[in-house]
Structure formats: C-alpha cells, structure tokens
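The values are calculated or read from the model by the stated rules, or taken from the named source; none is laboratory data. As the structure is a prediction and not an experimental result, all values here were calculated from the model. Here the Cβ positions follow ideal geometry from the backbone for every residue, glycine too, while neighbour counts run over all protein chains shown.
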Amino acid sequence: MNRTLNKRLPDDLLRPLFHTSVWFYALVAALGSVVLAGLSAYAYQVYNGIGVTGDNWPVFWGFHETNFVFWIGISHAGTLISAILRLVNATWRRPVTRCAEAITVFALMIGALFPIVHLGRPWLFFWLVPYPSAREIWPNFRSPLVWDFFAINTYLTGSLLFLLLPMIPDFALVRDRATGWRHRIYGALALGWQGTTKQWHRLESAMQIMAIAIIPVAVSVHTIVSFDFSMATVPMWHSTIFGPYFVAGAIFSGIAALIIAMALLRRFLHLEEYLHPVHFQNLGKLLLLMSLLWVYFVFAERLTVWYGNEPSEMAVFWATQRGAYAPLFWTMVICNFVIPFPILALRRLRTIPGTVVASLTVLVGMWLERFLIIVPSLAHKQIPYTWGSYSPRPVEIVMAVAAFAAMGLLYVLFAKFVPIVSIWELKVGDHPRPALTPVEKDEAAGLWRTQP
Amino acid sequence: MKAVYGLYADPDSAQRAVDALRAAGVANRDILVMSSEPFEEYEFSHRDKATWLHWIAGAGGASGFTVGYFLTSITEQLWPIKTSGMPIVAGWPNAVVIFELTMLGAILATVITLFITAKLPNRGPRLYDPEVSDGYILVGVDNPPDAARLEAALAIDGARVKTTS
C-alpha cells in the first residue's frame, strides 16, 4: 500500500471541508442573490397569475418547458456516464464519478421543479400524484405527464442513492479526522461505517447492481420526456425518432456540463493532481461522438420531414430554416457542431480550455435546441389561422437564469461539505493489478485465438 | 467491548495476521478485518463474498413489476376513463409505469438489503480504531477466549497490538 498516497489523498481532497476561503462566501452570496431574484420572480408569477409570462395562445409552452427539458437532459451527465464507466471498469472514471453524479441529482431537482413552476395553481401540484381523489378522477396512466412523474421520481431516487452510497466510507474518513460539530455531523452521516470486509463487499455488489439498473432508467427518463411531445399530433413532434434523439441530446449536454464542472473544480479546488488532462481528453472524445450523433439525428429528422413535404410540417420546417426562428436554428447548429467539431476532433485543440469552450457552446446550442423543438411547432399547428408567436417575458428570463445560479449554488455547497472526489475509489485505483492465474491467462489468450 | 487487534501498515501483513489467527485456532467467521479501502486482491477480503444481493434485487424488481401491473390495471378498472379510443386497460402505456416501478423495486431492494447485511446504521458499541482511516488495516477478534495467545499471534510485521476491555 502506498503510505504517502494514504496521507496525501485525504489532505488534498478534504481541504475544502476544513478550510473556507473568502471566495466561497463571495460565490455563495453572488449565486444566492440570483437564486433569490428567481424566487422573487416566481412569487410575482404566482401572485399575478401565469399571464405575466409570455405563454399565450397558441404557444402555451415556452421558457419553463424549455428549462424542464434542458435540465432533465443535463441530468444525464452523471449517473448514466458513471454507471457505464463503472460497469466497463474504466479506471480513469475514479476521480470523475462523484462530480458527475452530483450534477445528475441537482439537475433533476431543478428540472423537476419547472412543470410545477408552470402550473397556474402550483399548490395543486399533487394532482399529478396517482392517488384516489375526491373528484373520482384517478390520474390517467395513459397521459405522458403521469409517466413523467414515475420516471423522474424513479431516476431521482436511484441517482440519489447511487450518489450517497459510495459517500458513506468517505464520511467515515471525515468523521475520524474531524472534531467538534463536524465529528458529530459526519459521524451521523457515516452511519457507523467500520470498513469491514463484509461492508465493502456489500457496498461494491450494491453499486454494481445499481449501475445495471440505473442505465435503462436513465434512458427511459429522457425517452419519456420526449413522449410528452411525440405522443401529440403536433407538426414535427409526432416522430418515432424523438426518443433516441432526446436521449442523445441529453447525454450530449450532460457531458458538456460535466466538463465545465470538472474544469471549475480543478481550477478552484486545486485538483490538478486528480483531474488530469487525460480525463478531459476522454470526455472530449465522448462529446465529439455525441456531437456527430446529434448531427445525424437532426439530419435524419429534417430530411424525412422535407421529403414527406406535409404542409403542416413544412410550415415549422421553413420557420426554423429561413423564417423567424432561423437565427436561433443556425446558432444552434454552429454551437452544437461547427464550433465543437474541429476543437474536439483535433487532438492539438482537445485541451482543457478547448474542451471547456466546446462544452460552453454545446450548452448554449442544446438550450436553443430544446426551445426550437417546443416553440415553433406550437406556433405553427395544422390550421394556419391559429398560428402565433412567442416572446419570453422578464419573469421567465430571470427564472431561467436563476436555474443556472441554483445549479452553481448547490454544486458549490456540495463541494464544500462533501469530498468531491471519491477518496476510497481513488485509493483502489492505485492498487497494483493482480497477477493472472494460469487459467485466466489461458482465457485471455483464447480471446485472440482464431478458429482454424 | 472486549477485543484484541493489531494495526497493519500494508495488506500483505494483514493477510499474514489473518493466517496467524487461523493457525491459532480462531474460526474464520470470528476474524474481523477493517480497512479504509477494499482489497479485492487479497484472500482475507473474500471471506464474506457469498451474497444473495443479486437475487434479492431480482425479487425486488419482480415485486415492483407486480405492484406496477396491479396499480395500473386495477385502477383503470375501478376508475374507467375513456381516452382517445384506447382500451380501458391499455397495455402499451401501462408498460411505461410498470417498467419504472420494476426498476424502482430492484433499486430499493438492493439498498435495503445492503443496509441490513452491512449492519448500517450501526450506533451500538463496536470494535473500531480511527487509525483505520489513516490507511492502517485492523485485524482482530471480538471477545477473544485467550487474549494473551492471540496478542502473540497478531504481533507480526511490526504491528501495534491493542487490547480493549
């Protein structure tokens, strides 16, 4: 065992928990102010009614739904990527997983708020919950909005547990090093963890099972979010590729968010020794793959619509290609493909600043993509005299900005109170690989043998 | 709590201590090993490997499936709502809810089983030494019948042997 590593790892990674800089308070104050502004805007909307937003006939879904789809998409960064890397035993994942899983939980919490934010009477949000109501109308299981309830809650529960379980041994580590109130709080969070061989086995087995279970749940969540649209016969929504298209877009924006979060953590928590350029290189390659996949889906969808030449769909098609929404559409294409593709494809540019620039453009592009899926279709439904337009009002813009600030605030607080890199998993990564037994060597050689 | 244990700086020494305790007649199930990280490469960490966790997760999934199936189909029969020409008990949409509850069942069963079998949360008196968090590996025995003899067995590779009473 590497004794130096055993001392250095906790010293480095627990530093933010025991030492607070003035920058932390400044950042919390700045982000908290924006969140407060968002809450005030929401209070204003609740008091005055949903009419203060830009939602109006025929576009009743605007910024709030865009934010809902965008943040649920961002949530695909963590648990899904972490689970896949855990299952394939990718060793480079070890410093990345917790940063990623935290994004999932916070993004889901923020995203899931927006359907409630958009309710005219938010105090009746529990009508979405399947319970036998006095109105004798049990929520209808054929409604995609009820599917959302089940999918988001399952994913949130699974992701929260997936994040919390591997934190227990690290809480025990903090408990043993802390004194006073910290010792008591982290002692309670550690749940009496001792680190017996049985506890380690059960934890690792549970994480393996959770990783297997969470992947299909993650895929299902964004598929079901896409069903909110594709189950309706609205032009350019009623599409069979919407499920995989949404999932690909979600993973795309999720990886971009993860890269930005990792770069900020590396810079401000001085984690240069743990978050290496190779991590950004590898995530950059994944981002490149998703960028290509995104272009493929956009092309497949657009070509099919254009070839079909259905008048109602062509109205939306042209509105986005060269009409009122064209500037947003082409900005989206530039942000999601034209800028990130060369940066991520050229090894020389796939540096930490390069991947961060690409990720920032992808986040802008993906937010626009969500907006362009929702608004132009609602503004150009089948009957031309129902056509309309949508412009966001300040109250929606403030809430959209506040959602980003809330994400930042939650993440800063998380990194302050929890080791942002899993210490015990990093230690395991430092173990020498065990020597293969003769049988294992034979099996490994067999993989490369060809049949005569 | 009466116990005797040694703190070892590396897993090789811990493995030798476990072997020494066995040689001293201590049953495998009575030997406690604690560390701040799992050591899959060593035999001592494989003693508690047998688990029903996978099967229990499967059973949890089956329970979730059953709950999902009855929640959707019974509800739809008790509160029949005609929707868009679909049958009252509509299999395709119900499959979405059933799938989510199946996975939720598997996840919850896994976590509950983890807590029960790993004895978490554990607030009672138990053998532990905070030096485990500094990277030392604890090898010891709870309520040893002959503490002096086990102390001798544990005193290898420069280990610090401690006795609690």
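Just checking, which of A:114, A:150 is among the aromatic types (Phe, Trp, Tyr), away from every other protein chain (no Cβ under 11 Å) and in a helix (DSSP H, G or I)? After applying the criteria, what remains is A:114. You will find that of A:315, A:379, A:300, the residue that is surrounded by fewer than 19 Cβ atoms within 10 Å (Cβ to Cβ), closer than 26 Å to residue A:239 by Cβ and of a type in the set (Gly, Ala, Ser) is A:300 and no other. Residues in the range B:18-57 that are among the basic types (Lys, Arg) and more than 8 Å from every other protein chain (Cβ to nearest Cβ): B:22, B:29.
Every residue, every condition in (1) touching a helix residue (DSSP H, G or I) at 6+ places or on another chain (Cβ under 6 Å); (2) modelled with pLDDT of 95 or more; (3) under 20 Å from residue A:151 (Cβ atoms), yes or no:
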| residue | (1), (2), (3) |
| --- | --- |
| B:57 | yes, yes, yes |
| B:60 | yes, yes, yes |
| B:67 | yes, yes, yes |
| B:72 | yes, no, yes |
| B:75 | no, no, yes |
| B:79 | no, no, no |
| B:84 | no, no, no |
| B:88 | yes, no, no |
| B:93 | no, no, yes |
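Kindly indicate whether any position in the range A:158-168 is within 14 Å of chain B (Cβ to nearest Cβ), more than 30 Å from residue B:47 (Cβ to Cβ) and more than 25 Å from the chain's Cα centre (by Cα). The answer is no; no qualifying residue exists. Here residue A:223 does not fit the description of being more than 18 Å from residue A:102 (Cα to Cα), within 11 Å of another protein chain (Cβ to nearest Cβ), out of contact with any helix residue (DSSP H, G or I) (no Cβ under 7 Å at 6 or more places or on another chain) and β-branched (Val, Ile, Thr). Within the range A:61-79, does at least one residue satisfy the condition of being part of a helix (DSSP H, G or I), of a type in the set (A, V, I, L, M), surrounded by 24 or more Cβ atoms within 10 Å (Cβ to Cβ) and within 14 Å of chain B (Cβ to nearest Cβ)? No, the range A:61-79 contains no residue that is part of a helix (DSSP H, G or I), of a type in the set (A, V, I, L, M), surrounded by 24 or more Cβ atoms within 10 Å (Cβ to Cβ) and within 14 Å of chain B (Cβ to nearest Cβ). Scanning the range B:73-100 for residues that are among the hydrophobic types (A, V, I, L, M, F, W, C) and more than 7 Å from chain A (Cβ to nearest Cβ) gives B:74, B:78, B:88, B:89, B:92, B:95, B:98.
For the range B:115-126, filtered to residues that are within 17 Å of the chain's Cα centre (by Cα) and more than 7 Å from chain A (Cβ to nearest Cβ), the residue that is modelled with the lowest pLDDT is B:119. The residue pairs whose first member lies in the range B:92-119 and is acidic (Asp, Glu), whose second member is surrounded by fewer than 23 Cβ atoms within 10 Å (Cβ to Cβ), and whose beta carbons are closer than 9 Å, counting only pairs six or more residues apart or on different chains, are B:100/A:153; B:100/A:220. Within the option set A:331, A:351, being free of Cβ contacts under 8 Å to residues at least 40 places away in the same chain and not small (Gly, Ala, Ser) holds for one residue only, A:331. What is the residue count in the range A:192-220 for residues that are touching a residue at least 24 places away in the same chain (Cβ under 8 Å), at the interface with another protein chain (Cβ under 9 Å from one of its Cβ atoms) and over 30 Å from residue B:125 (Cβ atoms)? So the answer is 7. Across the range A:191-240, the qualifying residues are those that are of a type in the set (D, E, K, R) and under 30 Å from residue B:46 (Cβ atoms), and the one among them that is farthest from the chain's Cα centre (by Cα) is A:198.
Conditions tested, residue by residue: (1) touching a residue at least 40 places away in the same chain (Cβ under 8 Å); (2) surrounded by 14 or more Cβ atoms within 10 Å (Cβ to Cβ); (3) not assigned by TED's automatic domain parsing to the domain that holds residue B:25.
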| residue | (1), (2), (3) |
| --- | --- |
| B:80 | no, no, yes |
| B:122 | no, yes, yes |
| B:132 | yes, yes, no |
| B:137 | yes, yes, no |
| B:160 | yes, yes, no |
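Residues in the range A:333-353 that are of a type outside the set (A, V, I, L, M), surrounded by 20 or more Cβ atoms within 10 Å (Cβ to Cβ) and in a helix (DSSP H, G or I): A:335, A:336, A:340.
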